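Note sheet for the following structure.
Rule-based calculations on the coordinates, nothing more; no lab input. The structure displayed is predicted, hence computed values, not measured ones. As a convention, Cβ positions derive from the backbone with ideal geometry for all residues, glycine included, and neighbour counts pool all protein chains shown.
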Amino acid sequence: MFRASTFKGSIKLQNKNFHKIILSLMIIIGIISLSFANNMSEVVILNTGKIIPEIIAKSGYWRDIQDAVNLAASSGGGIVCIPEGTWNFVNVGESWSGARVVIPAGVSVFGAPTLRDSNGQVIEWKTILKMPWDMPGDKSYVPPHWFLITGNRDPNKPSRFSDIALVGYREYDHSATGYYLGIRVSGVINFRIDHCRLKEIPDGIFVGVGWDAQPACGVIDHCRLENDYGVPDPYDQRTTGYGINVYRSESIYEWVNIQDIAGKYTDYTVFIEDCYFTKWRHCVLGNHGAHYVMRHCKVEHGWAYGEVDQHPIYTSPQVAFRLAEIYDNQFINLDDWTASANLLIAQHAGSVIVFNNYFNAATWGNKNGYWYLLQISKGVNYNPSFDPKDDYLWNNNYSGTPAALVTGGVENQDYFLYKPNWYMPYPYPHPLTL
């Protein structure tokens, strides 16, 4: 009897404990759900009627951003908002390799709304992510990067990165030598990076760069990419590299006719418009079949190392840079550091279409302006068909007197000083910005 009654009492006690555990779990789950709900709302995308979640990250620390991104991704996409404030992106002493925050295509990340002028340029950023120590990083092909926006070229999964300032440690310690990349994009169709600031970030934005990267297309607009304290040379000692670096793909070997892509928005074209650059080794460059359009931008206090560059290729079977359209830009107030540079466009491959630009010019040996609008360098590609040709330049204006508008190449053979009758620029502003 004793054993039987004890057993029955034990069952009752276990049932009571079990019910308490279940009740406690339900309360905990409810609290967690409420916590998420307090930081989650819904947004209706007007042109599609699709409802997507909007999630507020707890802070600007990378792990809090990643947690919010993961939550949005688990819903098939959404918007992550980083709160207003100045945040340490990582902790002091915290380093990493590869990407620190991975953003899947279909997820967009916003800072707090910025204050803007009548031209849409940012006056003040409200969300600032800073590097709090001289994180060493490295000068590898693709350095450690703060953000990777990555997809599989699904046109139904665009991403946007907006209203965020990234500030490197060199802003606080001008002798800092840590080397890292701000934003990397791979395989995203119709991405947009806008109204952002990259200040003292050694490499700015890479699109399609890296053996594992896929082609991407989109627009980078109303961004400020600024350096005041880094140096671009000697190359192995550089603390400043590339502002925006664009590849099509390292595994696509197609060499297209420029008339098939000029003035068009292809699934690998990158538009760079209404941006500001200062003191990069190259502000904008490309390789591996890239097509980029740089327009309505301002380059100021440059190194004249080739503010805009088209890179060659040395080994088979890859292809070199393909086409740059460069127009309605300003290149002014040159801060030269060497008498051997003074180049505005340094072309080693492909074709360029250059018009309606304004630049400060100077005669050879003078340091207060660009000596050449375009320098053509032939004979550096493994395949001569990749060498510069089919260049068109017209209606470019300048102050002062350049040593020559074009150096290298042969007029009416490699380059032409008129508009081709088949060319029409793509509508401005880019539709993704409207």
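Compared with the dominant principal axis of the Cα atoms in the chain, helix 2-38 is inclined by about 30°.
The Cα center of the stretch 132-208 and the Cα center of the stretch 350-376 differ in position by 29 Å.
Net charge of the neighbourhood of Phe89, taken over other residues with C-beta under 11 Å away and scored Lys/Arg +1, Asp/Glu -1, is +1. Arg116 label point, 7 Å along Cα→Cβ, cut-off 20 Å on backbone N: hits in the stretch 181-200? Correct set: 190-199.
Subtracting the Cα-Cα distance of Thr315 and Asp335 from their residue separation scaled by 0.36 nm leaves 3.7 nm. Determine, from the Cβ-Cβ distance of Ile56 and Asn88 and an R0 of 22 Å, the FRET efficiency 1/(1 + (r/R0)^6), rounded to the nearest 0.05. For R0 = 22 Å, the calculated efficiency reads 0.75. Remark: the stretch 148-161, residue by residue, has Karplus-estimated 3J(HN,Hα) of 10, 9, 9, x, 10, 6, 7, x, 8, 10, x, 9, 10, 10 Hz, where x stands for each Gly or Pro and the curve is 6.51 cos²θ - 1.76 cosθ + 1.60 at θ = phi - 60°. Projecting the Cα positions of Phe161, Asn227, Ala57 onto the charge dipole of the chain (unit charges on Cβ atoms of Lys, Arg, Asp and Glu, taken about the Cα centre) puts Ala57 furthest along the positive direction. With 30 Å as the limit on Cα-Cα distance, the pairs of Lys139/Lys264; Lys157/Lys419; Lys139/Lys378; Lys130/Lys367; Lys139/Lys389; Lys58/Lys264 that go past it are Lys139/Lys264; Lys157/Lys419; Lys130/Lys367; Lys139/Lys389; Lys58/Lys264. Taking Cα atoms only, the orientation of helix 62-74 departs from the longest principal axis of the chain by about 80 degrees.
Each residue of the stretch 102-114 was assigned a 3J(HN,Hα) from its phi angle through the Karplus curve 6.51 cos²θ - 1.76 cosθ + 1.60 (θ = phi - 60°); the sequence is 9, 10, x, 3, x, 9, 10, 10, 10, x, 5, x, 8 Hz, with glycine and proline shown as x.
Full-extension gain between Leu405 and Asp233, please, as 0.36 nm times their residue separation minus the C-alpha to C-alpha distance.
Full extension of this stretch gives 59.4 nm more.
Distance between the modelled labels on Tyr358 and Ser140, one decimal in nanometres: 4.4 nm (7 Å Cα→Cβ projection). Residues whose amide H falls under 5 Å from that of Val107, counting only those 5 or more places apart or on a different chain, are Gly78, with hydrogens built in the peptide plane.
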